[in-house]
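Okay, so here's the structure we're looking at.
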Amino acid sequence: MDPGTTPRRRGGLIAVLVWLAGCTLAGVVAIRAHYVADLSAFLPSAPTPEQAVLLDQVKDGAASRMVFIGIEGGTAAEGTAQRAEASRQLAATLRADPRFTSVSNGDTAAWADVGRLVFERRYALSPAVDAERFSVDGLRNAIDETVSLLGTPAGSLLKPIVFRDPTGETLRIAEAMTPARAPRSENGVWVSRTAPRAVLVATTRADGGDLDGQQAALAAIDAAFAQGAAPGLRLQVSGAGKFGVSSRERIRSAVERLAIVGSALIVVFLLIAFASLRSLAIAMLPVATGVLAGIAAVSIGFSQVHGMTLGFGTTLIGEAVDYAIYYLIQARPGAVSTSAAATPAQRWLRESWPTIRLGLLTSLVGFAALVFSGFPGLAQLGVFSIAGLLAAAATTRFVFPVLAPRGAPGQGLRRQLGRFMQACATALPRLRWAFLAVTLVAAAALALLPSPWRGDLMALSPVDPADLGVDAALRADAGAPDAGVLVAVSAPSEAAALEAAEAVGARLDRLVGEGLLQGYDSPARFLPSVATQAARRAALPDEATLRERLIAATEGGALPAARLAPFIADVQAARAQAPIVRADLDGTPLAVAVDGLLLRGDGARPWRALINLQLPERGGLDADRLRAALADVPGARPVAVKAELDAIYDRFLVQAAWQAALGAAAVLALLGWHLRSARRLGRIVVPIAAATLLVLGSLSAAGVDFGILHLVGILLTVAIGSNYALFFDHLRERGPTGHDGRESHEDSDTLASLLLANLTTVASFGLLAVSGIPVLRAIGEVVAPGALLCLVFSAALIGTASKRPGAYGKIAAP
């Protein structure tokens with residue numbers, strides 16, 4: 001017995017035990033991982049101040065917790081009444097549900113508590129209160145205006161309170177708090193202006209990033225509607241939470257479907273090639289190990305796994321199985337032979353593993369560029385790829401020699417695959433000039449056509465366009481402000497943020513007066529700053545002064561001063577009231593209005609007040625005038641949402657392009673250091689570059705918009721194609737090894753393994769190319785044709801040189 005056999009077996013057993021323990025731990029981490037699907041992972045981790053505003057809103061702003069609800073349908077005769085009743089019942093049920101902080105549907109009953117709060121604190125909240133208003137002339141004018149309104153439709157609301165509020169402060173507050181685009185009301189509830197639909201707006205307690213909490217809230221809405229809705233009524237639901245939950249489910253469904261179909265195709269290929277269930281089972285081990293390791297690494301490194309990263313895991317099926325194919329075919333008895341005393345596994349480790357290891361290193365170096373991205377989503381892809389490929393390659397290197405020391409036991413159609421590839425390797429070099437000409441045409445197309453790198457951030461979202469249409473309609477019905485242009489102002493505290501919002505509002509009022517703006521929504525309209533409230537209280541006269549001024553102001557008027565004692569008492573009470581703060585609004589619809597425009601700060605970020613601008617219908621916004629108007633307000637920044645999103649994506653794309661270029665340079669440096677030959681380096685790089693250019697040129701000519709994931713696809717194409725080029729270079733450099741025909745058998749097996757690996761890769765990535773998930777489709781439409789062309793171009797431009805006839809002379813080198 002070979003004295004080294006026992007130590008080798010012991011070492012193999014240890015390797016298998018370590019592998020099993022690692023898979024178990026990775027599986028536990030993967031099961032317990034937190035999966036997300038929102039776009040916040042593709043916002044920068046070091047944002048500009050303007051981008052930080054968007055980042056806060058996407059992650060946990062009030063906008064991310066708003067759910068827009070529509071109720072349609074009903075009978076022709078009673079549809080309006082049925083929708084109104086369903087709206088009231090649904091609102092009542094949801095208001096009692098702790099998963100919601102507020103529900104608004106236009107029902108004034110929900111504002112009863114707010115009405116009392118506003119009335120009791122009217123002198124702190126009214127924008128009209130100042131010293132002039134409580135002068136004799138100011139009191140006279142205010143009282144006369146209130147009396148004049150008693151004969152209007154608003155008079156029914158004023159009459160019960162006229163002796164307590166003769167100056168009409170309650171009405172002023174209502175006017176100030178009315179949104180610029182208030183929803184239309186009918187039958188006491190909000191309805192659409194353009195469609196037969198009742199409208200509600202709910203705010204969830206769960207943050208927008210808490211998809212489990214959002215899913216529970218959405219399920220509660222469905223259940224509440226099903227309980228009380230009349231037959232024929234239909235429910236529509238939209239919002240950021242809805243998009244996040246539906247995206248997660250859509251990605252999960254697509255990933256499961258792609259994994260099942262992709263695995264089935266690969267199983268068919270492997271069964272055809274090996275005709276062995278044992279070989280099939282062994283071949284899938286690197287795939288499973290790589291996916292588990294990738295998920296575990298991302299979960300540990302980022303505390304969550306994005307759905308796109310999970311979908312990216314299906315791509316490892318096509319690449320990780322390549323390692324298994326190379327081993328199972330090339331390590332069978334007689335496949336690679338330089339020493340009769342060595343076992344098939346040992347010979348494979350000595351002859352083929354160095355080539356595979358070099359291909360693995362080039363892949364790792366390329367993907368390492370993504371790890372240092374300033375975008376968490378891109379960094380997740382890099383970590384997943386590196387961990388997955390390392391785990392898959394390590395499984396092949398250390399576990400396969402124990403589980404399959406003599407390679408694949410079955411023969412299958414490997415011999416036929418080898419013969420076919422031999423024929424291709426003989427014929428393709430004759431077409432190398434045609435291939436190069438086509439590549440030059442593709443390069444010219446890329447250079448002359450408009451730049452295809454014109455995607456945007458929303459291109460990463462799997463949200464259905466029809467759902468976006470529903471969301472836009474419901475938001476318009478509810479009067480939600482357009483996320484076009486806003487002013488964000490940062491401050492260290494709630495009070496300071498509100499004071500800054502008031503300063504911004506004073507400057508915007510001038511722009512509104514000049515017609516440059518239609519209006520704006522500010523949190524200070526709902527909740528004045530403590531300083532402003534103090535100034536208003538200070539403007540209230542004492543009892544004796546107020547009584548004296550009232551006598552003068554009401555002389556000869558409709559409201560004699562003698563009947564205004566309740567008014568005097570309320571003013572004196574207001575002088576002693578504490579200021580209203582955000583906590584006083586809890587449980588009221590005002591809290592929702594304020595939270596939508598006032599983002600709470602903490603130790604890591606400041607408080608932010610958001611002022612949404614209503615732009616003029618024609619002419620757009622004069623950005624220079626706006627910046628000039630706000631120049632003297634510290635911390636105030638105009639934010640054009642669309643422009644900022646475009647800037648984020650452009651930065652994302654530029655950074656990804658630089659990282660891809662750095663990765664490519666590192667790959668070249670690694671290959672050059674290993675090969676120590678400029679001739680061999682060029683021989684390997686040219687087919688990969690040509691294949692990539694041909695794919696990108698073809699897609700550009702077809703009108704495809706390129707984005708971030710196309711860059712990731714290029715990295716994957718290089719990672720996969722480098723293996724093919726390195727093997728062809730290995731065959732070319734090795735040349736014939738004997739006179740008995742054995743080398744022909746060896747090279748046939750190597751070529752068969754390359755063809756089978758390519759078929760599995762093209763099949764798995766081809767499925768991604770027809771996926772309904774944009775991020776997966778972008779990867780697939782680059783890698784599937786790119787991998788195929790890398791094999792073809794490697795055969796055509798590198799060949800498997802054998803200048804001596806007889807042994808392997810039929811396969812020529814270019």
When the convex hull of the Cα atoms of the chain is projected onto a plane and the area is averaged over all directions, what value comes out in nm²? 42.6
Just the number, please: carbon plus sulfur as a percent of the accessible area of the stretch 584-693, 1.4 Å probe, no ligands or DNA/RNA counted. 60
Using Cα atoms only, what is the angle between the long axis of helix 376-394 and the major principal axis of the chain, expressed in degrees (0 to 90) to the nearest 10? 30
Cα axis of helix 240-274 to longest principal axis of the chain: angle in degrees, 0 to 90, nearest 10? 10
If you take the beta carbon distance between ALA195 and GLN577 as r and set R0 to 51 Å, what does 1/(1 + (r/R0)^6) give as a FRET efficiency, to the nearest 0.05? 0.70
On a full-extension model of 0.36 nm per residue, what is the gain between ALA443 and ILE272, subtracting their alpha-carbon distance, rounded to one decimal in nm? 57.8 nm
Against the rule of thumb 2.2 N^0.38 Å, how large the Cα Rg of the stretch 522-643 comes out: 1.53
Considering only the other residues whose Cβ falls under 11 Å of the Cβ of LEU671, what net charge follows from Lys and Arg at +1 and Asp and Glu at -1? +2
Can you pull the percent of the stretch 214-279's accessible area that's carbon plus sulfur, 1.4 Å probe, other chains left in place? 64
Where a ≥ b ≥ c are the square roots of the eigenvalues of the C-alpha gyration tensor, would you call the stretch 653-778 rounded, which needs a/c under 1.5, or, failing that, prolate if a/b is larger than b/c, or oblate? oblate
Heavy-atom accessible area of SER490 with all protein chains present, probe 1.4 Å, nearest 10 Å²? 50
Taking H as built 1.01 Å from N, whose amide H comes closer than 5 Å to the amide H of GLU186, not counting residues under 5 places away? VAL191
By accessible area with a 1.4 Å probe, ligands and nucleic acids excluded, highest first: order of ARG10, ARG537: ARG10, ARG537
Measuring from the longest principal axis of the C-alpha atoms of the chain, the long axis of helix 742-769 (C-alpha) lies at a number of degrees, nearest 10, equal to 20
Might you work out the accessible area of VAL704 for me, using a 1.4 Å probe with all protein chains in place, and round it to the nearest 10 Å²? 30
When every alpha-carbon pair in the stretch 613-712 is counted, what percent end up more than 22 Å apart? 59
How large is ³J(HN,Hα), in whole Hz, for each residue of the stretch 582-587 in order, when computed from phi with the Karplus curve 6.51 cos²θ - 1.76 cosθ + 1.60 and θ = phi - 60°, using x for Gly and Pro? 4, 4, 5, 8, 3, x
Contour minus Cα-Cα distance for ARG116 and ARG406 (0.36 nm per residue): 95.9 nm
Ignoring ligands and nucleic acids, ARG205 exposes an accessible area, probe 1.4 Å, in Å² to the nearest 10, of 140
Note the full-extension length gain between GLN518 and ARG257 as 0.36 nm times their separation in residues minus their Cα-Cα distance, in nm to one decimal. 89.0 nm
How do the peptides 195-201, 722-728, 227-233 rank, highest first, by the average count of neighbouring beta carbon atoms within 10 Å per residue? 722-728, 195-201, 227-233
Sequence of THR426, THR80 when ordered by accessible area, the most exposed leading, probe 1.4 angstrom: THR80, THR426
Keeping every protein chain present and rolling a 1.4 Å probe, give me the accessible area per residue for the chain in Å². 41
Residue-ordered couplings for the stretch 9-14, obtained by feeding phi - 60° into the Karplus form 6.51 cos²θ - 1.76 cosθ + 1.60 and rounding to whole Hz (Gly and Pro as x), are 5, 5, x, x, 5, 4
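The values are calculated or read from the model by the stated rules, or taken from the named source; none is laboratory data. Predicted model only: the values in this text are computed from it and were never measured. Cβ atoms come from the backbone with ideal geometry, glycine included; neighbour counts cover every protein chain shown. Note: accessible area is taken over every heavy atom of the protein model, side chains too, but ligands, DNA and RNA are not part of it. Shrake-Rupley method; radii C 1.70, N 1.55, O 1.52, S 1.80 Å.
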